[in-house]
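Student: Once you've had a glance at the structure underneath, I'll fire off some questions.
The values are calculated or read from the model by the stated rules, or taken from the named source; none is laboratory data. Bear in mind the structure is a predicted one, so any value in this text is a computation, not a measurement. Here Cβ is always computed from backbone atoms with ideal geometry, including for glycine, and neighbour counts include all displayed protein chains. Ligands, DNA and RNA are stripped out before the accessible areas are found, and what is left, the full protein with its side chains, is counted by its heavy atoms. Shrake-Rupley method; radii C 1.70, N 1.55, O 1.52, S 1.80 Å.
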Amino acid sequence: MPWNKDDYPDSLKNFMAPVRNKAIEIANALLEEGYEEGRAISIATAQAKEWGENHEKQIRKKNH
């Protein structure tokens, strides 16, 4: 099932929108390539965090 900015895995809820959106983009591409959902989410999360760090983005929401 493809995800979007309004419907995505719970594991991405604490990420800032740009990083979360990158993870969604990567996960959807992996699903199209035949990866299982859990594996796609795991890979996409790691790659999106790396992308965020490389682009000097805040990765996670700050807890108050």
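Student: Quickly run through segment 45-57 and pick out the residues that are within 20 Å of D10 (Cβ to Cβ) and surrounded by fewer than 13 Cβ atoms within 10 Å (Cβ to Cβ). First the steps, then the outcome.
Tutor: First, the residues of segment 45-57 that are within 20 Å of D10 (Cβ to Cβ): 45-49, 52.
Correct list: A46 only.
Student: Going by what's in this entry, would I41 be described as touching a residue at least 24 places away in the same chain (Cβ under 8 Å) and outside any strand (DSSP E or B)?
Tutor: On the way: touching a residue at least 24 places away in the same chain (Cβ under 8 Å): yes; outside any strand (DSSP E or B): yes.
Yes, satisfied.
Student: Considering only segment 9-42, how many residues are open to solvent by less than 50 Å² (accessible area, probe 1.4 Å), farther than 25 Å from N63 by Cα and over 8 Å from the mean Cα position of the chain (by Cα)? It would help to see each step written out before you state the result.
Tutor: So the first thing to find is which residues in segment 9-42 are open to solvent by less than 50 Å² (accessible area, probe 1.4 Å), and the list is 9, 12, 15, 17, 19-20, 22-24, 26-31, 40-41.
Cutting the leftovers down to farther than 25 Å from N63 by Cα gives us 26-31, 40.
Filter again for over 8 Å from the mean Cα position of the chain (by Cα), leaving 28-31, 40.
Matching residues across segment 9-42 total 5.
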